[in-house]
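Q: Encoded as structure tokens, here's the structure I'll be asking about.
The values are calculated or read from the model by the stated rules, or taken from the named source; none is laboratory data. In this text the structure is predicted, and so the values were computed from the model without any measurement. Don't worry about glycine lacking a Cβ; one is built from the backbone with ideal geometry, like all the others, and counts go over all protein chains shown. Protein only, heavy atoms only, side chains kept; ligands, DNA and RNA dropped before computing areas. Shrake-Rupley method; radii C 1.70, N 1.55, O 1.52, S 1.80 Å.
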Amino acid sequence: MHVFAQSQPAQAVTFAVSPSGDDSDDGSVDHPFRTIERAQRAVREVNGDHNVVVRLAHGTYRIDHPWVFRALDGGRNEHTVTWSEASPGAQPVISGGLAVSGWRLWNAERKIYVADVPRGLDARQLWVNDRLTARASFEIARKDCDFNRQGIVLRAGAANPLVALQNANRLELRATGFFTERFSPVERVSGNTLIMRQPAWDNNIWGYDTVEKPFGPQLSHLYLENALELISQPGQWFLDPAEGKLYLRPPEGVDIAKADVELPRLPVLVSISGTLDDPVQDLSMIGIRFSYSSWLGPSTSEGYASQQSGTFLAGKAAAYPADPIATCAEGCSGFESVRNHWQQMPAAVQVSAAKRITFMDNIFAHLGQYALGIGNDADATLSGVGLAAGDITVVANLFTDVAGGAILAGGVQADAHHPGDLRQTNRQLIVRSNRIQSVSEEYRDNSAILSTYVLGAVILHNDISDVPYDAIDIGFGWGIQDPGGNASYLFRLRTYDWKQNPIYQTSTTHRDVVVANNRIHGAKSYFHDGGAIYNLSASPGTLITENYIFDNHSMIGIYLDEGSRYLTVRRNVVQDSGGEWLNINTVRAAYPMRISPDNTAVDNWHDGTKVGGMWTNYQNDLILDDHLVRDNTWPAEAQEIMKNSGVETTVALPTYPVQSSH
């Protein structure tokens with residue numbers, strides 16, 4: 001146990017679980033249960049009168065349905081329940097995966113093997129020897145594409161790469177933009193035309209940074225993927241659920257007969273969720289690995305119409321325009337009608353309607369979406385009960401090799417920023433001394449950590465590396481839900497013409513946030529928008545301090561985006577000479593309206609000379625006591641911040657093979 005671990009409760013009832021145990025035994029150390037389900041039933045019999053500890057022996061616990069915790073599974077009557085590894089370093093694995101074997105050569109020339117899997121089993125990810133592998137794809141040149149309401153037509157004269165895909169019934173379009181990565185399933189291929197499934201296509205071609213009109217089109221890409229015909233490189237694969245066949249060209253150097261091939265079977269691994277009247281309480285998870293999940297949302301007719309950091313559009317908007325490409329490829333009034341109805345990516349491990357929940361010394365690896373979701377909107381939860389997460393501690397965990405981001409905290413819909421019932425308020429989240437590396441590997445537009453509307457979130461002493469987008473994002477909403485609204489959206493974009501977008505007179509729950517002592521390196525490797533540390537909307541009492549940002553790919557270090565107010569950026573070190581060390585979006589076209597005022601950057605060190613946005617007295621956005629460092633001559637104060645950033649020296653993180661980005 002490291003320094004943050006509380007002493008084990010006195011006189012706790014202890015149950016033991018082992019993959020070699022027997023559920024007909026009594027769950028003692030000498031006669032352990034075999035399954036976590038049996039242990040969970042045993043906990044419910046005693047947790048009203050005793051503290052309970054469940055010790056999981058080393059091994060893999062394969063689950064065929066999500067592991068669900070309700071109020072009766074947590075501590076009752078001021079008692080606690082702890083699920084932990086049986087001994088230090090045991091690392092029991094909660095697995096939603098199916099180990100695939102029985103491979104046979106299917107096509108010798110293409111080096112493709114096939115194995116049988118259960119019919120109907122679908123997944124968007126595959127891991128081979130604990131490495132996420134890529135689905136087969138090829139790029140379409142944007143210059144050769146015409147976009148319309150039905151799909152994409154390859155222009156006359158362009159080589160038609162669709163000839164071999166006329167019968168590919170699981171084909172998808174993947175589009176990368178300036179800050180979004182979108183997926184749109186193909187209904188069918190007809191000659192040189194891709195006819196797309198709805199409503200995914202409609203939702204992907206209106207708004208901002210759209211498929212057909214991304215910001216910075218020279219930086220954007222279009223790919224077709226997920227067809228057996230496309231497998232051409234080592235590590236590529238295709239799953240045919242209807243036939244129950246998995247096709248794989250093994251990665252270089254992998255003996256398929258000996259490989260551990262894991263196909264995820266579950267969209268969610270763990271759900272910890274009570275109700276507003278009876279939340280899950282006093283529950284801890286310690287020393288466990290959570291692995292192998294796959295969120296299937298993008299495979300449905302909804303696709304993944306990404307908006308920012310794991311939020312997306314779904315369904316059909318009543319105000320959808322007749323010609324979205326002509327009238328709403330860069331925003332329109334109708335698009336504003338759906339802002340309060342965006343959805344969130346459901347996490348692999350979910351916490352809502354819960355308080356005093358601790359995750360410590362765990363490993364979140366090989367997951368197909370955001371790893372850990374805390375207090376997300378109801379439609380992003382397995383339980384259907386969202387928000388209401390209080391006193392949640394995430395400390396000394398390792399997040400690695402994850403398709404989505406690491407931590408998604410808070411919601412984005414109306415009850416998140418202005419709770420209809422105050423018990424829905426997300427409050428007091430502590431994310432401390434975690435290591436986050438190689439996440440957002442497929443959903444590259446996911447922030448490593450996103451905390452939207454959380455009262456009193458603390459993001460402290462984390463080490464975040466090798467991420468394609470932002471490392472730490474706080475806030476949401478572009479100032480639209482702040483008191484008085486966003487004047488730019490009021491007068492220029494007609495957001496408040498829609499009754500579902502009221503002008504609030506009270507503050508959101510995004511306030512009193514602290515982002516401190518984090519070590520961020522190798523961020524911003526893909527998307528140009530955003531920043532290593534990023535804020536959206538007003539956040540009274542919020543402090544960004546003593547963070548160390550380096551190797552940031554010459555992108556933005558600290559970014560206060562639209563509606564940012566009342567933030568203090570103090571004593572940070574940004575070592576990335578090619579990028580903007582600091583940026584603010586004051587919305588130049590609406591400058592007189594003072595969209596992002598009253599922020600102060602004071603006593604920071606940086607070796608880059610670029611500052612973005614309009615830092616003016618008129619806005620009361622001030623840069624004070626600033627320190628430009630030349631020739632790598634960092635002063636002692638800056639060096640001390642560098643040294644003290646990242647995981648605290650008193651913390652021993654769990655060890656696990658280091659993954660590199662793919």
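Q: Once you wrap a convex hull around the alpha carbon atoms of the chain, what is its projected area averaged over all directions, in nm²?
A: Details: hull surface 119.2 nm².
One quarter of the hull surface, i.e. the mean projection, equals 29.8 nm².
Q: Quick one: dipole size for region 165-314, taken about the Cα centre, charges +1 on Lys/Arg Cβ and -1 on Asp/Glu Cβ, in debye to the nearest 20.
A: Details: 11 positive and 18 negative charges, 71 e Å.
Using Cβ point charges on Lys, Arg, Asp and Glu, region 165-314 gives about 340 debye.
Q: Would you mind telling me the share, in percent, of accessible area of the chain contributed by carbon and sulfur at probe 1.4 angstrom? All intermediate terms of the calculation are to be shown ahead of the outcome.
A: Values: 11610 of 23950 Å².
Solvent-exposed carbon and sulfur of the chain make up 48 percent of the total.
Q: If the label point is 7 Å along Cα→Cβ of Asp130, which residues in region 52-96 have backbone nitrogen under 13 Å from it?
A: Answer for region 52-96: 59-60, 90-94.
Q: Using only DSSP helix segments of four residues or longer, with each worth -39500 (n - 2.57), what per-residue ellipticity at 222 nm results for the chain after dividing by its residue count and rounding to 500? Don't skip to the answer; put the middle values down first.
A: On the way: 7 runs with 42 residues, N = 662.
The helix contribution divided over the chain gives -1500 deg cm²/dmol.
Q: Mind giving me the nanometre distance, one decimal, between the label points for Asp30 and Ile325, set 7 Å out from Cα along Cα→Cβ?
A: 7.5
Q: Shifting gears a bit: With +1 on each Lys and Arg Cβ and -1 on each Asp and Glu Cβ, how big is the dipole of the chain about its Cα centre, in debye rounded to the nearest 20?
A: Working: 53 positive and 74 negative charges, 193 e Å.
That gives a dipole near 920 debye.
Q: Val629: net charge of surrounding residues, Cβ under 12 Å, Lys/Arg +1, Asp/Glu -1, itself excluded?
A: Details: positive: Arg630; negative: Asp576, Asp607, Asp626, Asp631, Glu637.
Residues close to Val629 contribute a combined charge of -4.
Q: Over the Cα atoms of region 167-244, what is the Rg over Rh ratio if Rh follows Kirkwood?
A: Details: Rg = 13.7 Å, Rh = 13.7 Å.
Rounded to two decimals, Rg over Rh is 1.00.
Q: Taking 4 °C and 1.567 mPa s as the conditions, I'd like the Stokes-Einstein D for region 95-230 in µm²/s, using the Kirkwood hydrodynamic radius from alpha carbon pairs. Mind showing how you got there, number by number?
A: Working: Rh = 16.7 Å.
Roughly 78 µm²/s, to the nearest whole number.
Q: Of the peptides 512-522, 348-358, 607-617, how do they stack up when ordered by the mean number of other Cβ atoms within 10 Å, highest first? Display every interim value, and only then the final one.
A: Values: 512-522: 22.6, 348-358: 25.5, 607-617: 16.0.
The peptides rank, most packed first, as 348-358, 512-522, 607-617.
Q: Follow-up. Suppose R0 equals 60 Å. What FRET efficiency, 1/(1 + (r/R0)^6) with r the Cβ-Cβ distance, do Ala99 and Lys643 give to the nearest 0.05?
A: Details: r = 44 Å, r/R0 = 0.73.
Once the sixth-power term is evaluated, E becomes 0.85.
Q: Okay, moving on. How do the peptides 482-490, 212-220 rank, highest first, by the average count of neighbouring beta carbon atoms within 10 Å per residue? Let's see the in-between values first.
A: Values: 482-490: 19.0, 212-220: 15.6.
Descending mean neighbour count gives 482-490, 212-220.
Q: Using a 1.4 Å probe and counting only protein heavy atoms, arrange Ser301, Ser24, Ser337 so the residue with the most accessible area comes first. All intermediate terms of the calculation are to be shown ahead of the outcome.
A: On the way: Ser301 40, Ser24 95, Ser337 10 Å².
Solvent-accessible surface, decreasing: Ser24, Ser301, Ser337.
Q: May I pose another question? Explain nothing, just the number: relative contact order of the chain, from Cα pairs under 8 Å at least 6 residues apart, as a whole percent. Please report the intermediate quantities before stating the final value.
A: Details: 1975 pairs, mean separation 65.8, N = 662.
So the answer I get is 10 percent.
Q: Could I get the Rg over Rh figure for region 260-361? Both from C-alpha atoms, Rh via Kirkwood, rounded to two places. It would help to have the intermediate numbers written out before the result.
A: Details: Rg = 18.6 Å, Rh = 16.9 Å.
In region 260-361, Rg relative to Rh is 1.10.
Q: How would you rank 400-407, 167-174, highest first, on the average number of other Cβ atoms within 10 Å across their residues? Write down the numbers at each step before the final one.
A: Details: 400-407: 28.5, 167-174: 19.0.
The peptides rank, most packed first, as 400-407, 167-174.
Q: No partner Cβ under 4.7 angstrom, meaning no disulfide-compatible partner by this rule: which Cys of the chain qualify?
A: Singleton cysteines: Cys145.
Q: Still on this structure: Which values, in whole Å and largest first, are the semi-axes of the equivalent ellipsoid of region 1-148 obtained as the square root of 5 times each eigenvalue of the Cα gyration tensor? Kindly include the intermediate steps, with their values, before the conclusion.
A: Details: eigenvalues 371, 83, 46 Å².
So the three semi-axes of region 1-148 are 43, 20, 15 Å.
Q: Something else now. Over the chain, with the other protein chains present, what is the accessible area per residue in square angstrom, probe 1.4 angstrom?
A: Values: 23950 Å² over 662 residues.
For the chain, the solvent-accessible area averages 36 Å² per residue.
Q: Considering only Thr210, Ser564, Ile357, whose Cα is most displaced toward the positive end of the charge dipole of the chain, charges sitting on Cβ of Lys, Arg (+1) and Asp, Glu (-1)?
A: Sorting the options by dipole projection puts first Thr210.
Q: Compactness ratio of region 19-91: Cα Rg over 2.2 N^0.38 Å, N = residue count?
A: Details: Rg = 12.2 Å, N = 73, 2.2 N^0.38 = 11.2 Å.
This ratio for region 19-91 stands at 1.09.
Q: Multiply the residue separation of Met593 and Ser232 by 0.36 nm, subtract the distance between their alpha-carbon atoms, and state the gained length in nm to one decimal.
A: Roughly 124.5 nm would be gained on extension.
Q: Another one. Stokes-Einstein diffusion coefficient for region 465-509 at 10 °C in a medium of 1.306 mPa s, Rh from the Kirkwood formula over Cα pairs: what value in µm²/s?
A: On the way: Rh = 12.2 Å.
Diffusion coefficient, whole number: 131 µm²/s.
Q: Taking the Cα-to-Cβ direction at Gln218 and at Val611 and moving 7 Å from each Cα, how far apart do the two end points lie in nm?
A: Here the answer is 2.8 nm between the modelled labels.
Q: Sorted from largest to smallest, which semi-axis lengths in Å does the alpha carbon gyration tensor of region 191-292 give for its equivalent ellipsoid, taking the root of 5 times each eigenvalue? Write out the running numbers ahead of the final one.
A: Numbers: eigenvalues 229, 163, 48 Å².
Those come to 34, 29, 15 Å.
Q: Which FRET efficiency, nearest 0.05, do Asp497 and His528 yield, Cβ-Cβ r, R0 35 Å? Provide the component values of the computation, followed by the final result.
A: Numbers: r = 32 Å, r/R0 = 0.90.
With a Förster radius of 35 Å, E is 0.65.
Q: Something else about it: Just read off the accessible area of His31 with the full protein assembly in place, 1.4 Å probe, to the nearest 10 Å².
A: We get 90 Å² for His31.
Q: Could you compute the FRET efficiency for Ala141 and Ile623, with r as their C-beta to C-beta distance and R0 at 45 Å, rounded to 0.05? Walk me through the intermediate numbers first.
A: Numbers: r = 43 Å, r/R0 = 0.95.
Approximately 0.55, to the nearest 0.05.
Q: Another one. Antiparallel as a % of all DSSP beta bridges within the chain, to the nearest 5?
A: Working: 48 of 167 bridges.
Here the share of antiparallel DSSP bridges comes out near 30 percent.
Q: Which one of Phe147, Gly75, Gly373 has its Cα pushed farthest toward the positive end of the charge dipole of the chain, where Lys and Arg give +1 and Asp and Glu give -1 at the Cβ?
A: Towards the positive end, the residue furthest out is Phe147.
Q: Let me ask something else. Can you give the direction-averaged projected area of the convex hull of the alpha-carbon atoms in region 538-634, in nm²? Don't skip to the end; give the middle numbers.
A: On the way: hull surface 23.3 nm².
Mean shadow area of the hull around the Cα atoms is 5.8 nm².
Q: Given the C-alpha centroids of region 458-536 and region 269-309, what is the distance between them in whole angstrom?
A: First find each Cα centre; the distance between them is then 22 Å.
Q: OK, next. Take every Cα-Cα distance within region 398-495, group them into 5 Å bins from 0 onward, and report for each bin the whole-number percent of pairs it holds.
A: 3, 13, 19, 18, 16, 14, 10, 5, 1, 0
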